[in-house]
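The values are calculated or read from the model by the stated rules, or taken from the named source; none is laboratory data. A quick note: this is a predicted structure, and the numbers were derived from the prediction, not measured. We place every Cβ from the backbone using ideal geometry, glycine too, and count neighbours over all the protein chains shown. Each accessible area value is taken on the protein alone, full model and side chains, heavy atoms only, with ligands, DNA and RNA left out. Shrake-Rupley method; radii C 1.70, N 1.55, O 1.52, S 1.80 Å.
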Amino acid sequence: MRFRKNTETTISGPVFYDAKGKRWHRVMESLLIMTIVIAAATYWAAPQALAPLWKESLHQGNGFPRQLAHSSELKNIPILGTGDGEVLTRIVRVEKDGDTVNLIDPFTGNVLRTAQPGEDEEIGNSKYALDHFGQPADHQLMLTFDDGPSARYTPEILDVLAKEHVPATFFMVGANIAKNLDVFKRVIREGHMAGNHTLFHIDFDKHSDIRNREELIATDRIMRAGANYSSRLFRMPYGDPDKNALAMLQSQQLGYIHVDFDLDTKDWSYPPGADIPVPPLDGKGHVVLMHDGGGDRSSTAILLEKFIQEAKRQGYTFSTIAPLLPEGYVPTHGVAPTTADQTTLRTVQVFWVIPNKMLGWLFWFGVGSLSIMSVLYLTLALANNRRQHKRNWVKTLDHHMPHVSVVMAAYNEEKVIRKTLNTLRASNYPQSKLEVVVVNDGSKDGTQKVLDDYARKWPQLKVVHQPNAGKSFAINNGISHARPESKIIVTLDADTLFEPQTIRLLVRHFVKKSHRQDSKPVGAVAGHVKVGNRRNIITAWQSLEYISGICVTRLAEGAMGAIAIVPGACSAWSRRALEQIGGLSEDTLAEDADATLQLHQLGYSVLQENTAVAYTEAPESIRTLAKQRLRWTYGNVQVLWKHRSMLMRPKYGMLGMIALPYALLSLIVPLIFLPSTVIAAVIGLANGNWHSVVLFAVFVMTLHMVISIVAIVVARERAWHLLIVPIYRLIYEPLRAYLLYASLLRILRGTAAKWNKLERLNSAALQSRSKLPVAS
């Protein structure tokens with residue numbers, strides 16, 4: 001008989017096929033429009049966003065500060081005003097006018113001051129000098145905090161400052177401002193002062209001139225957009241302005257003034273939870289360095305409270321940096337942000353803040369979901385495995401066993417088909433109740449001759465020749481040619497080798513009174529497919545994947561009645577059930593998964609039989625593996641889309657409520673978030689924030705090791721598979737990324753996907769020592 005398509009479950013044409021070919025054109029048109037819009041917006045906004053906010057009048061070329069910093073004129077320049085607590089620093093040009101030595105701003109040409117007696121001798125013939133100025137009054141402390149704002153530690157410090165009624169100055173990292181805008185606004189709202197500590201806390205000597213400039217400009221614009229606040233204060237990361245002429249010159253060129261410190265609490269040097277000693281005070285004024293970000297600063301808040309109380313006891317008062325600043329350098333409130341300011345803030349949030357938050361969210365989502373699902377699946381798998389071992393099977397005599405037809409599609413299988421037939425011929429299933437139907441799907445090699453020769457010497461083999469029409473059509477044709485009394489159809493691939501007992505173990509689930517029957521009729525039984533050519537890293541990797549996937553995932557799904565895929569490479573089907581669904585569908589490249597879900601929809605039970613073992617030939621190179629897995633991934637996406645009505649439907653039990661939604665999430669989450677996650681992880685690693693990445697990798701590997709151990713014990717497999725666990729993700733993650741985006745591209749293109757059969761190497765072998773008869 002020929003199968004008719006079930007009109008309720010079959011759509012016209014393959015899933016995602018775009019017969020008119022318009023989908024890809026619409027996609028490309030949309031991308032082109034988006035590209036033009038983004039390019040136009042960038043062309044309009046970028047020059048404004050990158051433009052300096054405090055443009056001076058002289059020497060504004062990007063390369064001038066570096067050129068000057070590396071010139072002989074700045075080698076061993078004199079340092080003026082040190083030793084008395086001056087904390088504002090600047091590089092000045094020296095011009096002599098008679099007996100007067102003028103110190104001039106190299107970027108404005110303004111005379112800043114004249115050299116004091118004794119300084120002219122120190123200056124000598126130098127053309128430049130580093131000038132320290134701005135000294136706090138005696139018994140005055142100016143508290144400064146670097147590297148924030150932090151969502152955790154800055155509020156703790158603000159609470160102490162509010163409690164003690166003490167103002168402070170915060171030198172903030174621009175990316176942290178964009179991440180913690182509410183904290184930044186609180187700093188400004190409570191009367192504290194803020195300064196620029198670059199966008200990403202960089203070392204100026206290790207980056208380009210353009211990067212260094214934009215670190216300052218972007219942070220300035222983020223302050224304006226975040227709290228209508230404008231500040232020309234700057235403190236270089238890692239400090240030491242006396243030895244960093246480049247940072248000094250580049251900040252001065254942009255109109256900023258550098259604020260140093262003269263009393264370092266060294267809170268940054270203590271481990272978390274340490275009791276940091278209060279620094280001694282000498283009655284003089286000081287600018288004090290502390291930190292509210294860049295690490296665990298829980299001890300800083302404790303130190304701060306003790307320090308303030310001790311300073312007050314000694315008669316100190318507190319102030320921001322404001323009393324030291326020259327005219328025009330006091331930060332300004334109420335600044336109206338420009339479009340360029342808003343654009344800078346949003347850009348940093350989109351490319352830095354959101355990916356980092358997303359990385360954190362995905363970290364905990366991954367940890368939570370993997371933990372829950374792994375514990376659930378491990379528990380169910382072990383319970384199901386124990387139940388299977390305890391099951392008492394009623395021995396069925398050979399003459400009571402049902403008739404079975406083994407159906408196989410063959411296309412260019414000359415190298416492997418004889419070995420496959422040998423294993424079927426060695427089956428311990430009653431030969432009088434067994435037939436093998438092989439459909440030669442228009443092979444172009446010697447497959448037809450091998451089959452015809454074998455059929456002449458083995459009566460159980462029936463060979464059907466047809467023009468090439470695809471695997472699904474060939475299997476359906478084979479079922480149509482199966483003898484009428486065969487109520488059970490066993491399927492396998494042409495490169496798959498059955499153990500002698502496999503057919504009997506699959507079929508026994510259909511025999512009445514073999515075991516306690518489910519209320520549902522059995523529609524299909526999945527066998528245990530193993531890799532039969534474990535001879536390199538790629539096939540060993542697949543071997544572990546097969547073992548863990550079947551001995552944990554599918555066993556657990558079997559316990560829930562939620563098996564989503566019965567592999568065509570080793571399975572048994574109710575012929576009546578297959579006829580009800582119209583045979584294997586040609587709508588998808590995963591015809592076995594498609595048929596499995598259709599059986600669930602019709603109310604059939606789908607079971608797993610772990611002792612029914614078959615060995616398949618796995619791809620032996622990355623290229624062939626990617627080719628095979630693309631077909632699988634794309635086919636499974638087609639199946640999920642085709643049967644999307646089953647998602648979150650209690651009618652389908654755990655299959656609809658857990659297995660299918662989890663399968664969908666495992667596709668959608670990485671598809672959407674993988675690029676931003678990778679970018680965030682790379683940026684985090686580049687900035688030294690490697691802890692979460694490493695922690696998640698160790699967590700995943702540990703969990704995978706536990707799953708693998710359980711799977712190997714259940715499958716009674718060899719322990720060497722555990723050596724693959726540490727490198728498993730190095731293959732899996734890049735492969736998964738390729739498969740997801742290649743599948744998405746296929747969907748968008750809407751072209752008819754081909755089966756892309758892999759070339760056979762005849763490398764699979766039964767891992768048992770069963771002696772197989774060979775057809776002569």
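Only one of Ile217, Ile257, Ile202, Ile188 is under 28 Å from Asp131 (Cα atoms), open to solvent by less than 20 Å² (accessible area, probe 1.4 Å) and more than 32 Å from the chain's Cα centre (by Cα); which? Can you show your working first?
Details: Ile217 fails: more than 32 Å from the chain's Cα centre (by Cα); Ile202 fails: more than 32 Å from the chain's Cα centre (by Cα); Ile188 fails: under 28 Å from Asp131 (Cα atoms).
When all the criteria are applied, what remains is Ile257.
Checking the structure you have, find out if any residue of segment 192-199 is open to solvent by less than 30 Å² (accessible area, probe 1.4 Å), among the hydroxyl-bearing types (Ser, Thr, Tyr) and closer than 22 Å to Asp341 by Cα. If you could, list the steps in order and put the result at the bottom.
Of segment 192-199, the ones open to solvent by less than 30 Å² (accessible area, probe 1.4 Å) are 192-199.
Next cut, among the hydroxyl-bearing types (Ser, Thr, Tyr) only: 198.
Filter once more, keeping what is closer than 22 Å to Asp341 by Cα: 198.
There is at least one residue in segment 192-199 that is open to solvent by less than 30 Å² (accessible area, probe 1.4 Å), among the hydroxyl-bearing types (Ser, Thr, Tyr) and closer than 22 Å to Asp341 by Cα.
In segment 264-274, is there at least one residue being out of contact with any Leu (no Cβ under 7 Å at 6 or more places or on another chain), buried (at least 22 other Cβ atoms within 10 Å of the Cβ) and assigned to a helix (DSSP H, G or I)?
Restricting attention to segment 264-274, the residues satisfying the condition of being out of contact with any Leu (no Cβ under 7 Å at 6 or more places or on another chain) are 266, 268-274.
Now restrict to residues that are buried (at least 22 other Cβ atoms within 10 Å of the Cβ): none.
No.
Can you spot a residue in segment 630-646 that is surrounded by fewer than 16 Cβ atoms within 10 Å (Cβ to Cβ), out of contact with any helix residue (DSSP H, G or I) (no Cβ under 9 Å at 6 or more places or on another chain) and over 30 Å from Lys520 (Cα atoms)?
No: segment 630-646 contains no residue that is surrounded by fewer than 16 Cβ atoms within 10 Å (Cβ to Cβ), out of contact with any helix residue (DSSP H, G or I) (no Cβ under 9 Å at 6 or more places or on another chain) and over 30 Å from Lys520 (Cα atoms).
Determine the pairs where a residue that is over 24 Å from Thr169 (Cβ atoms), located within segment 330-350, has a partner that is outside any strand (DSSP E or B) with Cβ atoms under 6 Å apart, the partner being 6 or more residues away or on another chain.
Within 6 Å, the pairs are Ala340/Gln48; Ala340/Ala49; Gln342/Ala225; Thr343/Ala45; Thr343/Ala49; Gln349/Ala178.
Can you tell me which residue is surrounded by the fewest Cβ atoms within 10 Å (Cβ to Cβ) among those in segment 134-184 that are within 28 Å of the chain's Cα centre (by Cα) and among the small types (Gly, Ala, Ser)? Please lay out each step first, then the result.
So in segment 134-184, the residues within 28 Å of the chain's Cα centre (by Cα) come out as 147-152, 173-181.
If we keep only those that are among the small types (Gly, Ala, Ser) too, we end up with 148, 150-151, 174-175, 178.
Details: Gly148: 28, Ser150: 24, Ala151: 13, Gly174: 28, Ala175: 24, Ala178: 26.
Top of the filtered list is Ala151.
Filter segment 357-405 down to the residues that are out of contact with any Pro (no Cβ under 7 Å at 6 or more places or on another chain), within 30 Å of Ile503 (Cα to Cα), assigned to a helix (DSSP H, G or I) and open to solvent by 30 Å² or more (accessible area, probe 1.4 Å) and list them by number. Walk me through it before giving the result.
Residues of segment 357-405 that are out of contact with any Pro (no Cβ under 7 Å at 6 or more places or on another chain), as a first pass: 357-397, 399-400, 402-405.
Right, trim to within 30 Å of Ile503 (Cα to Cα) and you get 377-397, 399-400, 402-405.
Imposing the further condition that a residue be assigned to a helix (DSSP H, G or I) reduces the set to 377-390, 399-400.
Thr379, Leu380, Leu382, Ala383, Arg386, Arg387, Gln388, His389, Lys390, His399, His400 - these are the residues of segment 357-405 that are out of contact with any Pro (no Cβ under 7 Å at 6 or more places or on another chain), within 30 Å of Ile503 (Cα to Cα), assigned to a helix (DSSP H, G or I) and open to solvent by 30 Å² or more (accessible area, probe 1.4 Å).
Condition test on Lys530, is it surrounded by fewer than 23 Cβ atoms within 10 Å (Cβ to Cβ) and not acidic (Asp, Glu)?
On the way: surrounded by fewer than 23 Cβ atoms within 10 Å (Cβ to Cβ): no; not acidic (Asp, Glu): yes.
No.
Do any helices (runs of 4 or more DSSP H) entirely within segment 589-686 hold 1 or more residues that are more than 21 Å from the chain's Cα centre (by Cα) and of a type in the set (Asp, Glu), and if so, which?
On the way: elements: 591-601, 622-642, 660-686.
Of the helices (runs of 4 or more DSSP H) lying wholly inside segment 589-686, those with at least 1 residues that are more than 21 Å from the chain's Cα centre (by Cα) and of a type in the set (Asp, Glu) span 591-601.
Scan segment 306-326 and tell me whether some residue there is part of a loop (DSSP other than H, G, I, E, B), β-branched (Val, Ile, Thr) and in contact (Cβ under 8 Å) with a residue 60 or more places away in the chain.
yes
Tally time: how many residues in segment 455-470 are under 17 Å from Ser405 (Cα atoms) and outside any strand (DSSP E or B)?
Number of matching residues: 4.
Would you pick out the residues in segment 97-133 that are touching a helix residue (DSSP H, G or I) at 6+ places or on another chain (Cβ under 6 Å) and open to solvent by 40 Å² or more (accessible area, probe 1.4 Å)?
Once the filter is applied, which keeps residues that are touching a helix residue (DSSP H, G or I) at 6+ places or on another chain (Cβ under 6 Å) and open to solvent by 40 Å² or more (accessible area, probe 1.4 Å), segment 97-133 yields only Lys127.
Quick grid of which residues meet (1) more than 25 Å from Gln638 (Cα to Cα); (2) outside any loop (DSSP other than H, G, I, E, B); (3) in contact with a strand residue (DSSP E or B) (Cβ under 7 Å, 6 or more places away or on another chain):
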{"residue": "Val15", "(1), (2), (3)": "no, no, no"}
{"residue": "Thr35", "(1), (2), (3)": "yes, yes, no"}
{"residue": "Thr42", "(1), (2), (3)": "yes, yes, no"}
{"residue": "Ala46", "(1), (2), (3)": "yes, yes, no"}
{"residue": "Leu58", "(1), (2), (3)": "yes, no, no"}
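Applying the selection to segment 434-454, what residues are open to solvent by less than 10 Å² (accessible area, probe 1.4 Å), closer than 18 Å to Lys757 by Cα and in a helix (DSSP H, G or I)?
Thr447
Quickly run through segment 670-700 and pick out the residues that are surrounded by fewer than 16 Cβ atoms within 10 Å (Cβ to Cβ) and either in contact with a Ser or Thr (Cβ under 7 Å, 6 or more places away or on another chain) or under 24 Å from Thr553 (Cα atoms) (or both).
Applying the first criterion (surrounded by fewer than 16 Cβ atoms within 10 Å (Cβ to Cβ)) to segment 670-700 yields 672, 675, 678, 682, 685-691, 694-695, 697-699.
Residues satisfying the conditions are Ala697, Val698, Phe699.
Small (Gly, Ala, Ser), over 24 Å from Pro326 (Cα atoms) and in a loop (DSSP other than H, G, I, E, B): is that true of Gly283 in this structure?
Details: small (Gly, Ala, Ser): yes; over 24 Å from Pro326 (Cα atoms): yes; in a loop (DSSP other than H, G, I, E, B): yes.
So Gly283 fits the description; yes.
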